[in-house]
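The values are calculated or read from the model by the stated rules, or taken from the named source; none is laboratory data. A quick note: this is a predicted structure, and the numbers were derived from the prediction, not measured. Glycine gets a Cβ as well: all are built from the backbone with ideal geometry, and neighbour counts include every protein chain shown. Surface accessibility is based on the protein's heavy atoms, side chains included, excluding ligands, DNA and RNA. Shrake-Rupley method; radii C 1.70, N 1.55, O 1.52, S 1.80 Å.
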Amino acid sequence: MRIVKIFDTTLRDGEQSPGASMNIGEKLQMARQLVKLGVDIIEAGFPIASQGDFEAVQRIAAEVKGAIIAGLARAKEQDIKRAWEAVREAPQRRIHTFHSTSDIHLKYQFRVSREEALKRSVEMVALAKSLVDDVEFSPMDATRTELPYLLEVVEAVVGAGASTVNIPDTVGYTTPYEFGAMIKAVKERIGDRAVISVHCHNDLGLAVANSLAAIINGAGQVECTINGIGERAGNCSMEEVVMNLATRKDFYQAATKINTQEIIRTSRLVTRITGIAVQPNKAIVGANAFAHESGIHQDGLLKEKMTYEIIRPQDIGLRRTELVLGKHSGRHAFKERLSELGYELTAEEVETAFNKFKHLADQKKNIFDEDIEALISEEVSKIPEIYSLVDFSISSGTSTKPTASLKMNINGAVVEIVEHGDGPVDAAYKAIAALTKTKSNLLKFEVKGITGGTDALGEVVVSLEEDGKTVRGNGADTDIIVAAAKAYITALNKLAARKKQG
Ligand code: KIV
Ligand code: ZN
């Protein structure tokens, strides 16, 4: 069976989703999970874009083994050299360089002729090739490029050493029929001299359909993101393209090396890290994707699963495992569970997470995977803790002015305050802002129950903005006001770390 390579760009194009920025710890965690998922290539970032991006790609290249690590670069000498510096430590590394080819981009954005664009693309592929064996070139806005010119560029960059040519539908404009024909023409022109990749955006909701049409016509690599996150309407969703190939092998005659049982875990990690929720009816990973509501369907399923189920939930790793650990359980079993869930934490982080688990086990009878994931999100993010909560109590009610009594550790010193507010969260947030002397704006405040029951773990997610920097913070606790305070403090720690990074 033909194998289609999976090029994951969650850490680069995915991170370009509004509000999706990730810190280095989160990117490393994500990259490790992508290796477990079995992706062939991880596009770890755009090293010239910022010092933070550079460092993240460099750390992933040095520390994450098991996939090719790619760095993105415009077709510019300084970009390519920076990308090389970032990926050079990786045992398997790639430079992915791009230049627009559509007349719309060349005329209005870059003000260069087709000849100049072609010459620059060839020169920069040759430069990248002098540094690394594995070079990918993308003619940006390919689907709005005149086909003869696109083919001329593709042929020239392959001649200059590109081992992969990626055909991007940058603005999500193409249709499956048209894109399939374009990929067929590229395949006819370059044969097996380079792998043909596709990179589809979802502006018209066709990114997955267009990618599948490309596979039918000879594409050997698909660029995609987990949950389909990405610039504007997002990118081709990895789980959808992978499960299409897996479910309809008979039709596509192509497979991937993805371990599909890691799909749901990876999807949840992306949601947790970016704060971008998956719509309930989303294919494969939506909360309702395997929920059968109608009586007729339920009846059929009880008789034979095949009647209404084309994918078994366990094939994407979906299961509700109750952690059979209670307050008397030990570290070892807890650590095992963390590793089954895909988290690799240091001994110190496991210890912190274990203490949180013990605390929760005192308050809640059944602990589910989702509870654990919510509990350990701070350990995953690896943010230095300048601020932490020491003690907190709140009084509120129909005849009491909401009052927060708060004790915090700030840079090693314990300080306390009492504040009033319009509600308990308002009082708590005023107290935190006063103690930390911060002036951030609260952009978003979301509350959700992680699992059912009145003893459910509640999770609060907040977005804060200060000096043009936006961060997300989450906090989980069986007391929703405590969760709100934790979320705010986590976000403040992230803001402090971002300020330090510059
Ligand atoms: O959408 C696009 O064209 C891109 C390129 C950099 C490949 O993301
Ligand atoms: Zn893109």
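Before moving on, here are some points about what is shown:
- Cβ charges +1 (Lys, Arg) and -1 (Asp, Glu), total dipole of segment 331-381, debye: 320 debye
- Structure-based [θ]222 nm, the chain - -39500 (n - 2.57) summed over DSSP H runs of at least 4, per residue, nearest 500: -12500 deg cm²/dmol
- Of K27/K469; K36/K364; K358/K439, pairs whose Cα-Cα distance is over 24 Å: K36/K364; K358/K439
- Using a probe of 1.4 Å, the accessible surface attributed to H297 totals some 70 Å² when neighbouring protein chains are kept in position.
- Surface accessible to a 1.4 Å probe, K430 within the full protein complex, Å²: 90 Å²
- With the alpha-carbon atoms of segment 134-180 aligned to their principal axes, the span from lowest to highest coordinate is 30, 21, 16 Å, starting with the largest.
- For the chain, the Cα gyration tensor yields ellipsoid semi-axes of 43, 28, 20 Å (square root of five times each eigenvalue, largest first, whole Å).
- Dipole of segment 228-278, positive direction: furthest Cα of A233, T266, F251, with charges on the beta-carbon: T266
- Placing +1 on the Cβ of every Lys and Arg and -1 on the Cβ of every Asp and Glu, with no other charges, gives segment 79-133 a dipole of roughly 40 debye about its Cα centre.
- Cα convex hull volume per residue for segment 331-381 (Å³): 71 Å³
- Relative counts (whole %) of C-alpha pair distances in segment 2-274, using bins that are 10 Å wide: 7, 32, 40, 19, 2
- Test item: Cα-centred dipole of the chain, Lys/Arg +1 and Asp/Glu -1 on Cβ, debye: 400 debye
- Convex hull of alpha carbon positions in segment 322-475: directionally averaged projected area 10.4 nm².
- Taking every Cα-Cα distance in segment 1-141 and sorting them into 5 Å bins starting at zero, the pair-distance distribution P(r) comes out as 2, 11, 20, 21, 19, 14, 9, 4, 1 percent.
- Ordering of 282-289, 415-422 by packing is 282-289, 415-422, highest average first (other Cβ atoms within 10 Å, averaged per residue).
- Contact order for the chain, expressed relative to its length and based on alpha carbon pairs under 8 Å spaced 6+ residues apart, stands at 11 percent.
- Using the Stokes-Einstein relation with a Kirkwood hydrodynamic radius computed over Cα pairs, the translational diffusion coefficient of segment 223-331 at 10 °C and a viscosity of 1.306 mPa s comes to 101 µm²/s.
- Annotation: peptides 311-317, 395-401, ranked by per-residue average of other Cβ atoms within 10 Å with the highest first, follow the order 311-317, 395-401.
- Stokes-Einstein translational diffusion, segment 127-206 - Kirkwood Rh over all Cα pairs, 1.306 mPa s, 10 °C, in µm²/s: 124 µm²/s
- Share of alpha-carbon pairs per 5 Å distance bin for segment 387-501, given as whole %: 2, 12, 22, 24, 21, 12, 5, 1, 0, 0
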